[in-house]
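A short worksheet on the structure shown next.
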Amino acid sequence: MNEYVNAFINAFNGSVNWTLKSIFFEVPWYNNYFWGLTVISLFIWGLEVAFPWRKNQGVFRKDFWLDGFYMYFNFFMFSIAISGFYKVLGIAFGSIGVEATSLTVINIKSIPAWAQLLVFFILLDFVQWFTHVLLHRYPFLWRFHQVHHSVKEMGFAAHLRYHWMENILYKPLKTIGVMILGGFEPEQAFIVHFAAIAIGHFNHSNLKITWGPLKYVFNNPVMHLYHHAYALPEGTNGVNYGISLSLWDYVFKTNYIPEDSGTIQLGYKGDEQMPKSFLRQLFYGFKKE
């Protein structure tokens, strides 16, 4: 028991210290997720201000500050709070013989580093796409995902506005995805992580860019806006589930872009029941309305 308690405390303290060091520039710039998130956010926001798609939308749109708080809560505060539990689970699985190497399906150690990152990026994005589909398909999961879909005016910070329970589902599946890749160096994951943040911010932004022919590969703001549409095609639980890549939606026929005016209503039927405050949203979804 002491082993688990110590592991929990050490992991928690380590996460706190690393976050504080990041804030005060005491970690290498390429591993500084705090300022990396901040710089990417300011850059995309600057583009929104300079080249707005929906010109009647304010610079400080509806729920701008709430979404901004969600960014740092989900990226840092919740990660700190949950880090000890994940460490304890890792020890528990190891004690019963479930090691990372036992799940290896594809060994990419022999291919170049850039190719390893590409494989990692594609696999991770598919896992997130699949998880995203589950969040829409099953009512219990959808109740938590409604926090993200309660956004009524779209902007970059909406990217990380989501219920903390989504972390509970996403992170184990993402970890399994990493464990499938034998020989991958986790130290390189920061490159994929920063790329995913930038793409996610961009896809939620008030910008009108579709990438031309590359729209069949990369997600974009026009495509993702319709993921948040109030009115969805009849008989569907959702459309355009892509996170960084639109590829999966075109492959599995979940793509839907009827027009590109950007003037559609966002949300979902019954979204007026969503609490307005962050604290009340923390506990939303556990009770069926």
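In the condition set (1) in a helix (DSSP H, G or I); (2) among the β-branched types (Val, Ile, Thr); (3) modelled with pLDDT of 70 or more, ILE111 is compliant with all but (1). Look at region 225-251: where a residue is closer than 14 Å to LEU214 by Cα and a partner is of a type outside the set (S, T, N, Q) and in a loop (DSSP other than H, G, I, E, B), sitting 6+ places away or on another chain with Cβ atoms under 8 Å, you get LEU245/VAL217; SER246/VAL217; LEU247/VAL217; TRP248/TYR241; TRP248/GLY242; ASP249/VAL239; ASP249/TYR241; ASP249/GLY242. If the condition is being charged (D, E, K, R) and more than 20 Å from SER205 (Cβ to Cβ), then region 21-80 contributes LYS21, GLU26.
Determine, yes or no, whether GLY242 is among the small types (Gly, Ala, Ser), on the phi > 0 side of the Ramachandran plot and not in a helix (DSSP H, G or I).
On the way: among the small types (Gly, Ala, Ser): yes; on the phi > 0 side of the Ramachandran plot: no; not in a helix (DSSP H, G or I): yes.
No: the conditions fail for GLY242.
State which residue is surrounded by the fewest Cβ atoms within 10 Å (Cβ to Cβ) when the search covers only region 106-126 and only residues that are in contact with a Gly (Cβ under 6 Å, 6 or more places away or on another chain) and within 16 Å of ALA195 (Cα to Cα). Step by step, filter region 106-126, then rank; the result is LEU123.
Annotation: GLU272 fulfils all but one of (1) assigned to a loop (DSSP other than H, G, I, E, B); (2) out of contact with any helix residue (DSSP H, G or I) (no Cβ under 8 Å at 6 or more places or on another chain); (3) of a type outside the set (Val, Ile, Thr); (4) without any contact (Cβ under 8 Å) to a residue 12 or more places away in the chain; the unmet one is (1). Taking the conditions exactly as written (of a type in the set (Ser, Thr, Tyr), buried (at least 17 other Cβ atoms within 10 Å of the Cβ) and within 18 Å of GLN57 (Cβ to Cβ)), does SER205 satisfy them or not? Yes; evaluated as a whole, the condition is true for this residue.
Among residues belonging to region 151-207 that are closer than 26 Å to VAL27 by Cα and in a loop (DSSP other than H, G, I, E, B), point out the one that is modelled with the highest pLDDT. The qualifying residue modelled with the highest pLDDT is GLU185. Please go through region 1-39 and pick out each residue that is of a type in the set (Ser, Thr, Tyr) and at pLDDT below 85. Scanning region 1-39 gives TYR4, SER15, THR19, TYR30.
The values are calculated or read from the model by the stated rules, or taken from the named source; none is laboratory data. Since we're looking at a predicted model, the values are computed, not measured. In this analysis, Cβ positions are derived from the backbone assuming ideal geometry, glycine residues included, and neighbour counts consider all displayed protein chains.
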